[in-house]
Amino acid sequence: MNSNFIRSVLNVLSIISVAMVALGGCVGDDPATAIIEATKCEAAWLPPQVALIAALVFQAIGFGLKMFGSHAGPIEALTKPVAVVTPDTRAGTVTPAQVASGPKV
């Protein structure tokens, strides 16, 4: 199973959820002052905590898909390089013959 498209969508959703905090006019603590201030947002419909949790959930789902979305074991799926094999010989693709002639790991 190739989960690249789903993981790309999750990455975009993660970026959007974090960007919504900036677009919502959220202002955090000013490090120049000694007083610790709470984060305040002009957009009350999106608390920054919810956006952060959403981004983390999207990334965790993508990580899980990468880890368990192939026929390899979880550690192998995360650490081994992946070569794309295509039936044609366009520039930039790896043919099955090239994969077969490569090193056996």
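Please treat every number below as a calculation from the coordinates, not as lab data. Because the structure is a prediction, the values reported are computed rather than measured. FYI the Cβ positions are ideal-geometry reconstructions off the backbone, even for glycines, and counts take in every protein chain you see.
I need the full set of residues from segment 18-55 which are exposed (fewer than 13 other Cβ atoms within 10 Å of the Cβ) and assigned to a helix (DSSP H, G or I), in order please.
Within segment 18-55, A19, A22, L23, Q49, I53 qualify.
Does I15 satisfy the condition of being out of contact with any Asp or Glu (no Cβ under 7 Å at 6 or more places or on another chain) and aliphatic (A, V, I, L, M)?
Yes: the conditions hold for I15.
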